[in-house]
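Asks: If you scroll down you'll find the structure; I have some questions about it.
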């Protein structure tokens, strides 16, 4: 395993939502801090910093990961997807965003990036989930505003929209 | 598939208000472009703050040594309680009290997690390193955590200027309660204990503070939520003109639910820190800090007594409250209990009331605002009592509720404690809920379940839902004489500004400081309707700036203020703009002002739509051509409404107070089943109805109800801030303080009853966000009481607790089952263990190793320093971690009862920023197979941060450490990283980490 100088700042190069990004991180810097404060991608939020609430969920190499439990240097060379990459190429809402918007599935919006990224991951693996499956899939994400009902409805709508899109492709 | 419960387009005739207009806020939030405090760029050179916090519930601070921290590169300043006491004044509360509160502990700490020292360094990582290097020495004092026990004469006292922990006691008599009780056919009493909880927003406290040399004050950016009356408290504490304390709120705040009111003491501390550091300072609170030391709702003990007739008509009520506010009072505390004072009789026709309020200090986190603000505690008592009266009179609880409710023809109804209930038809709402929610079917389910011998119950709860607080109600904590001296306090001013620019574009700014409720959308709807536009034509900015915006002391987002107050202010400001534009247009259209109308972006003659002028042209005239305006019309178009309701009068001489402006009504019923084998309570069906008058946007309103249901479900089943009797805090992570997720939250069935708009608000709207905080906890409790036939229901309904309430005939197990290494009370942060291990060296050699600090230093995990102390003791520094926390401990271990080289006892203590531990243990060395068999046992108790992150995690970490220590001992004795100690633990750890432990 590579060992890094604990006081040094090390280059971290990664692909963020399709674009190459580069910055420097001390070995102990969290990926959340790197994304937010080194690169300036503040869409990913930090709410518990102990891996329970799911707000910081991003996708690293296509897997949903807690960015607050990941060190920036671990993400060197990785392909990272965050909420900032969910829109269509023209900037309009993508299917997940649209479904959340239409269903009033967010209020303060602080947990929302984590929900969207968890769903982005989950709906690829299970394109046609039941309500119960969605509830389980989202059990690692805490929302304190909505009561989840609208989020579940939005998830079903998003799954449907994504399936239809796949059929068209 | 949308399945909205509130009908689409509640008021379609009026344009956009009442429609499910999609949220404007989503456009940025769903793209990751929100503007929360931590998203806002800061100046280069901005420092980051961290706090050293108390590991003790009650202790004297004997010394603070920050020299090592200040010597660290990148550390700029340290502020202690002594600095605060010199440079600031105590933060005031709404009544004379014996508490000097400075935001940092002065002389004493009074709860686990209390900030003791603030430190500023170049980044958050270094600030936390520096905090760990600050050495605080304590002398521990006895603590008190129960509010009734805290009032006992011999209880440990928190504040030296008071001889009692009860810092305020007020007694209220409304009507003739003594007569009512003396003449009552029946009386009964019940004592309830409502737990401590909060709603823990996803975004924690966040602030950026910078000294401003022009004003001599500070520029602050924070997610403070209001009320802005507290701005005054901060400025006074900092000895500033209020105008020199400029506060800005960013456009987004990640939830609050009341919590972000009491960020203000931190702002005061950060101002002092920024001044000392001569740099801007930023602070983002972490989750442990938030859970242990930010804001909680007061837990409360209430003795409720009722006088009633044999047919269940309640004629009198006595409420004796012990409201537990933790270690300090922070403005506007103790407001929750007074916010509800006017509706102490809920929605019932009860004309005789006696209330006694004890405001009590204990060694727990101080309180703040939490959604529901005094309502959950009050209604738990009142609605539990209504259920008791039903049981005692042999009636259906629903009939007792119906019988006692205020009648429709009594509105507006002045409750005996002073609330002026504006509108409603409570019985009708109940009937609509019962009908649409199909209570009959639920009763059939219950009867079927009971016929099978299952434990099934139905619960009911009604609530009056106050909205828009009277800023004068807190004065009810004072006596009439004190109020007279202080001068009148009343009203609740809301401010909204509507401006039309030179191209007719509309800007709205407001003082509602939203945290996700969709205020931008709702205000755009209201203003668009007044001006004949669409919400997309209106730009609403709700970030605030005290230096530039219209605001008053009531500004902020709390107590369901928006729907009555901000909506009214927006309506008023937009109406003034409309009137002004109508006058300009009238001259151009050649019609009287009264005949001007606004439709589809045009201003036109009401009876001739073709006689029209575009909206933007009138806007343009006001800016580009003042000379063309009618004589008495000022140029430009910008109207600020400072809206207030005359019904919000001050507390009168009889202590009657109209605590809020508008009062909605909620009624819930539910069916629950209790599993007699596990104590698990399952919600089988839950129906909820809320009459909140005019609904501004059904999508937003429904979101508030469902959100309130979720947090109320948490309060009912999961959420509690737990303290040991000695004040040790145990709920420091989301793994201990459990909140509902999608997986466990049951569905709620919403009934939309006939709305009864408020006559006192411009649009008839009342608050909707807090209803289920009031009803759900007690509705479920009443159902459990019905299922089990018991009286004393305490939340949260954890299965172990419920199981104790169920009388079972099952015999106890023949012998206690203690799994290997799992002795000790589950969840309690005590670590017990024992084991044995073979060391490849004779006992004499092992004995010598154990007493040799140099060799021990090599063996003890994380040991930085170890020295002999006295004849048979050690002192040292070790760095240890458990789960998400890691820190440096100063440890001292003494060996006693030495019997060389056979056995000894150990007594030890370790203290550090993460907490304290006290422990004892023993070991025995037995010669065996040319080596030594080491037998050991230990028992360690924890407090502070380590305890707060949870026993389970700490136990695992501790065993891991002991395992490492013993293996180190084997290595030191010359063994080859020898065999694992007996007992399954090290094997388990090795399996977990996939190799050598």
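Asks: Could you say whether any residue in the range B:419-439 is farther than 30 Å from residue B:469 by Cα, over 32 Å from the mean Cα position of the chain (by Cα) and not in a helix (DSSP H, G or I)?
Replies: yes
Asks: Another question, then. Scanning for something closer than 25 Å to residue B:223 by Cα, at pLDDT 95 or above, more than 14 Å from every other protein chain (Cβ to nearest Cβ) and part of a helix (DSSP H, G or I), does the range B:291-298 turn up at least one residue?
Replies: Yes; the residues of the range B:291-298 include at least one that is closer than 25 Å to residue B:223 by Cα, at pLDDT 95 or above, more than 14 Å from every other protein chain (Cβ to nearest Cβ) and part of a helix (DSSP H, G or I).
Asks: Can you pull out the residues in the range B:27-63 that are free of Cβ contacts under 8 Å to residues at least 60 places away in the same chain and in contact with a helix residue (DSSP H, G or I) (Cβ under 9 Å, 6 or more places away or on another chain)?
Replies: If the condition is that a residue be free of Cβ contacts under 8 Å to residues at least 60 places away in the same chain and in contact with a helix residue (DSSP H, G or I) (Cβ under 9 Å, 6 or more places away or on another chain), then B:27, B:30, B:31, B:32, B:33 are the ones that fit.
Asks: Among the residues of the range A:76-93, are any at pLDDT 95 or above, crowded, with 24+ Cβ neighbours inside 10 Å and within 19 Å of residue B:740 (Cα to Cα)?
Replies: No - not one qualifying residue is present in the range A:76-93.
Asks: Can you list residue pairs whose Cβ atoms sit under 8 Å apart, with the first residue in the range A:1-30 being away from every other protein chain (no Cβ under 14 Å) and touching a residue at least 24 places away in the same chain (Cβ under 8 Å) and the second being part of a loop (DSSP other than H, G, I, E, B) and exposed (fewer than 11 other Cβ atoms within 10 Å of the Cβ)? Count only pairs 6 or more apart in sequence or on different chains.
Replies: Cβ pairs passing all conditions: A:13/A:77; A:14/A:77.
Asks: Under the condition of being at the interface with chain A (Cβ under 10 Å from one of its Cβ atoms) and touching a strand residue (DSSP E or B) at 6+ places or on another chain (Cβ under 9 Å), which residue from the range B:709-741 is farthest from residue B:664 (Cα to Cα)?
Replies: That would be B:732.
Asks: Scan B:301, B:230 and give me the residue that is more than 29 Å from residue B:740 (Cβ to Cβ) and either in contact with a helix residue (DSSP H, G or I) (Cβ under 7 Å, 6 or more places away or on another chain) or buried (at least 24 other Cβ atoms within 10 Å of the Cβ) (or both). Walk me through how you get there before you give the answer.
Replies: On the way: B:301 fails: more than 29 Å from residue B:740 (Cβ to Cβ).
Sole residue among the options that is more than 29 Å from residue B:740 (Cβ to Cβ) and either in contact with a helix residue (DSSP H, G or I) (Cβ under 7 Å, 6 or more places away or on another chain) or buried (at least 24 other Cβ atoms within 10 Å of the Cβ) (or both): B:230.
Asks: Just one of the numbered conditions (1) crowded, with 24+ Cβ neighbours inside 10 Å; (2) more than 21 Å from residue B:418 (Cα to Cα) is not true of residue B:685; which one?
Replies: Answer for residue B:685: the failing condition is (1).
Asks: Follow-up. Quick test for you: out of A:74, A:107, pick the one residue that is assigned to a helix (DSSP H, G or I) and either in contact (Cβ under 8 Å) with a residue 12 or more places away in the chain or at the interface with chain B (Cβ under 8 Å from one of its Cβ atoms) (or both).
Replies: Numbers: A:107 fails: assigned to a helix (DSSP H, G or I).
Of the residues listed, the single one that is assigned to a helix (DSSP H, G or I) and either in contact (Cβ under 8 Å) with a residue 12 or more places away in the chain or at the interface with chain B (Cβ under 8 Å from one of its Cβ atoms) (or both) is A:74.
Asks: What tally of residues in the range B:536-546 results from selecting those that are away from chain A (no Cβ under 14 Å) and touching a helix residue (DSSP H, G or I) at 6+ places or on another chain (Cβ under 7 Å)?
Replies: Summing the residues that are away from chain A (no Cβ under 14 Å) and touching a helix residue (DSSP H, G or I) at 6+ places or on another chain (Cβ under 7 Å) in the range B:536-546 gives 4.
Asks: Among the residues in the range B:28-35, are any modelled with pLDDT of 95 or more and closer than 25 Å to residue B:120 by Cα?
Replies: Initial filter on the range B:28-35 (modelled with pLDDT of 95 or more): B:28-35.
With closer than 25 Å to residue B:120 by Cα added as a condition, the list becomes B:35.
Yes, the range B:28-35 contains at least one residue that is modelled with pLDDT of 95 or more and closer than 25 Å to residue B:120 by Cα.
Asks: Since residue A:139 meets every condition but one in (1) away from chain B (no Cβ under 12 Å); (2) closer than 28 Å to residue B:204 by Cα, which condition does it not meet?
Replies: All conditions are met except number (1).
Asks: Can you list residue pairs whose Cβ atoms sit under 6 Å apart, with the first residue in the range B:126-154 being at positive phi and the second being buried (at least 20 other Cβ atoms within 10 Å of the Cβ)? Count only pairs 6 or more apart in sequence or on different chains.
Replies: none
Asks: Residues being surrounded by fewer than 24 Cβ atoms within 10 Å (Cβ to Cβ) and either free of Cβ contacts under 8 Å to residues at least 40 places away in the same chain or part of a strand (DSSP E or B) (or both): count how many of those fall in the range B:644-673.
Replies: Residues in the range B:644-673 being surrounded by fewer than 24 Cβ atoms within 10 Å (Cβ to Cβ) and either free of Cβ contacts under 8 Å to residues at least 40 places away in the same chain or part of a strand (DSSP E or B) (or both): 2 in total.
Asks: Filtering the range B:382-397 down to residues that are touching a residue at least 12 places away in the same chain (Cβ under 8 Å) and part of a loop (DSSP other than H, G, I, E, B), which residue is farthest from residue B:317 (Cα to Cα)?
Replies: Out of the qualifying residues, it is B:395.
Asks: Looking only at the range B:96-132, how many residues end up being more than 14 Å from every other protein chain (Cβ to nearest Cβ), touching a strand residue (DSSP E or B) at 6+ places or on another chain (Cβ under 9 Å) and either assigned to a helix (DSSP H, G or I) or within 22 Å of residue B:363 (Cβ to Cβ) (or both)?
Replies: The number of residues fulfilling the criteria is 21.
Asks: What's the total number of residues in the range A:84-104 that are touching a residue at least 24 places away in the same chain (Cβ under 8 Å) and over 16 Å from residue A:20 (Cα atoms)?
Replies: Of the residues in the range A:84-104, the ones touching a residue at least 24 places away in the same chain (Cβ under 8 Å) are A:84-86, A:95-96, A:98-100, A:102-104.
If we keep only those that are over 16 Å from residue A:20 (Cα atoms) as well, we get A:86, A:95-96, A:98-100, A:102-104.
Count: 9.
Asks: Does residue B:533 satisfy being more than 30 Å from residue B:262 (Cα to Cα) and not assigned by TED's automatic domain parsing to the domain that holds residue B:336? Break it down into steps so the answer makes sense when it comes.
Replies: Working: more than 30 Å from residue B:262 (Cα to Cα): yes; not assigned by TED's automatic domain parsing to the domain that holds residue B:336: yes.
Criteria met by residue B:533.
Asks: Does residue A:112 fit the bill of being farther than 17 Å from residue B:699 by Cα and under 17 Å from the mean Cα position of the chain (by Cα)? First the steps, then the outcome.
Replies: Values: farther than 17 Å from residue B:699 by Cα: yes; under 17 Å from the mean Cα position of the chain (by Cα): yes.
Here the answer is yes, as residue A:112 does meet what is asked.
Asks: Within the range A:119-135, work out how many residues are part of a helix (DSSP H, G or I) and either within 18 Å of residue A:97 (Cα to Cα) or not assigned by TED's automatic domain parsing to the domain that holds residue A:100 (or both). Break it down into steps so the answer makes sense when it comes.
Replies: Within the range A:119-135, the subset part of a helix (DSSP H, G or I) is A:119-125, A:131-135.
Checking the rest, the ones that are also either within 18 Å of residue A:97 (Cα to Cα) or not assigned by TED's automatic domain parsing to the domain that holds residue A:100 (or both) come to A:119-124, A:134.
Number of matching residues: 7.
Asks: Can you tell me which residue among B:659, B:678 is out of contact with any strand residue (DSSP E or B) (no Cβ under 7 Å at 6 or more places or on another chain) and in the same structural domain as residue B:450 (by TED's automatic domain parsing)? Talk me through it step by step, then tell me what you get.
Replies: On the way: B:659 fails: out of contact with any strand residue (DSSP E or B) (no Cβ under 7 Å at 6 or more places or on another chain).
Sole residue among the options that is out of contact with any strand residue (DSSP E or B) (no Cβ under 7 Å at 6 or more places or on another chain) and in the same structural domain as residue B:450 (by TED's automatic domain parsing): B:678.
Asks: Oh, and also: Step by step: first the residues of the range A:61-71, then only those that are farther than 21 Å from residue A:9 by Cβ and touching a strand residue (DSSP E or B) at 6+ places or on another chain (Cβ under 7 Å), then the one that is farthest from the other protein chains (Cβ to nearest Cβ). Which residue is that?
Replies: A:61
Asks: Are any residues in the range B:398-410 farther than 25 Å from residue B:789 by Cβ and free of Cβ contacts under 8 Å to residues at least 60 places away in the same chain, and if so, which ones?
Replies: Applying the first criterion (farther than 25 Å from residue B:789 by Cβ) to the range B:398-410 yields B:405-410.
Scanning the range B:398-410 gives B:405, B:406, B:407, B:408, B:409.
Asks: Pick from the range A:142-154 the residues that are in a helix (DSSP H, G or I) and within 9 Å of chain B (Cβ to nearest Cβ): which of them is nearest to residue A:47 (Cα to Cα)?
Replies: Initial filter on the range A:142-154 (in a helix (DSSP H, G or I)): A:149-154.
If we keep only those that are within 9 Å of chain B (Cβ to nearest Cβ) too, we end up with A:149-153.
On the way: A:149: 21, A:150: 21, A:151: 19, A:152: 21, A:153: 24 Å.
Restricting to residues being in a helix (DSSP H, G or I) and within 9 Å of chain B (Cβ to nearest Cβ), the top hit is A:151.
Asks: Any residue in the range B:547-556 that is touching a residue at least 24 places away in the same chain (Cβ under 8 Å) and on the phi > 0 side of the Ramachandran plot?
Replies: We begin by selecting, within the range B:547-556, every residue touching a residue at least 24 places away in the same chain (Cβ under 8 Å); these are B:547, B:549-556.
When the remaining residues are screened for being on the phi > 0 side of the Ramachandran plot, the result is B:556.
There is at least one residue in the range B:547-556 that is touching a residue at least 24 places away in the same chain (Cβ under 8 Å) and on the phi > 0 side of the Ramachandran plot.
The values are calculated or read from the model by the stated rules, or taken from the named source; none is laboratory data. All figures in this text were calculated on a predicted structure; none of them were measured in a lab. Note: ideal-geometry Cβ built from the backbone for every residue, glycine included; neighbour counts use all protein chains shown.
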